[in-house]
1. With 10 angstrom as the radius, rank 81, 175, 68 by how many other C-beta atoms surround their C-beta, starting from the fewest.
2. Find the percent of Cα-Cα distances in region 36-133 that exceed 23 Å, and round it to a whole number.
3. State the volume of the convex hull built on the alpha-carbon positions of the chain, expressed per residue in Å³ and rounded to an integer.
4. Per-residue counts of other Cβ atoms within 10 Å, averaged by peptide: what ranking do you get for 117-128, 224-235, highest first?
5. What ranking, highest mean first, results for peptides 82-88, 20-26, 150-156 when packing means the other Cβ atoms within 10 Å averaged over each residue?
6. Percent antiparallel among DSSP beta bridges with both residues in the chain, to the nearest 5?
7. Report the Cα-based extents of region 153-215 along its three principal axes, largest first, to the nearest Å.
8. How far is helix 154-163 tilted, in degrees, relative to the longest principal axis of the Cα atoms in the chain, given as a value from 0 to 90 rounded to the nearest 10?
């Protein structure tokens, strides 16, 4: 079993890059299951129906979200879709679901979305408490558990990876848009990487126009972010899972 996780899609240029390359990756690496983070795909913030449909059309089995889940109003018309999940530790009662169970190659796969609390500016429940309770429940129901932890602080991500080691099959981070080189199998068998990166403009500041971003940092004056133009990169990870043990044997980082 091979799972491809695609880093945050940044705007329609990031979506286009993914559309151009995912099919080739799927064929080259014999990918069985695809997870895409889509919380930045619509104009750099949120997701809309058009982008949602496009991601599904390119073969995504599950689309995960994050701190910009509610940025586009039309998400409320498709938030209950069976292939879309938002952070499971959002306050109780909000629309949507925090995890989904799918089947592929005679395996049951649970995909869980969580959001961090350190410097995220989002009202959420404790991802450690909610996450562990949910993963322990799912462990009794499925063969493979994948956690997309959408968080800012590397320490928080590493901590969650260790906290869920031996329970979740895979824990990976999204949100910072910079792919990290710390992919590894943790002591009790969980595959981990702090951030799988982004799919979006290469010459940018995490996908955004350099001039506009620098103005905010240099002057402290408000400046509207806009998506950078030009060549795009594709970031993601392939997790190669042993069909008998349902544990990850190999992690392949993609930076294309």
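Readers should treat all values here as calculations from the given coordinates under stated rules, not as data from a laboratory. Being a predicted model, the structure only gives us computed values, none of them experimental. Every residue, glycine as well, gets a Cβ built from its backbone with ideal geometry; the counts of neighbours run over all protein chains shown.
1. Starting with the residue having the fewest Cβ neighbours, the order is 81, 68, 175.
2. When all Cα pairs of region 36-133 are counted, 23 percent exceed 23 Å.
3. Each residue corresponds to 119 Å³ of Cα convex hull volume.
4. 224-235, 117-128
5. 82-88, 150-156, 20-26
6. Of the beta bridges lying entirely in the chain, close to 45 percent run antiparallel.
7. Principal-axis extents of region 153-215 (Cα, largest first): 45, 18, 15 Å.
8. The helix 154-163 is inclined about 10 degrees to the chain.
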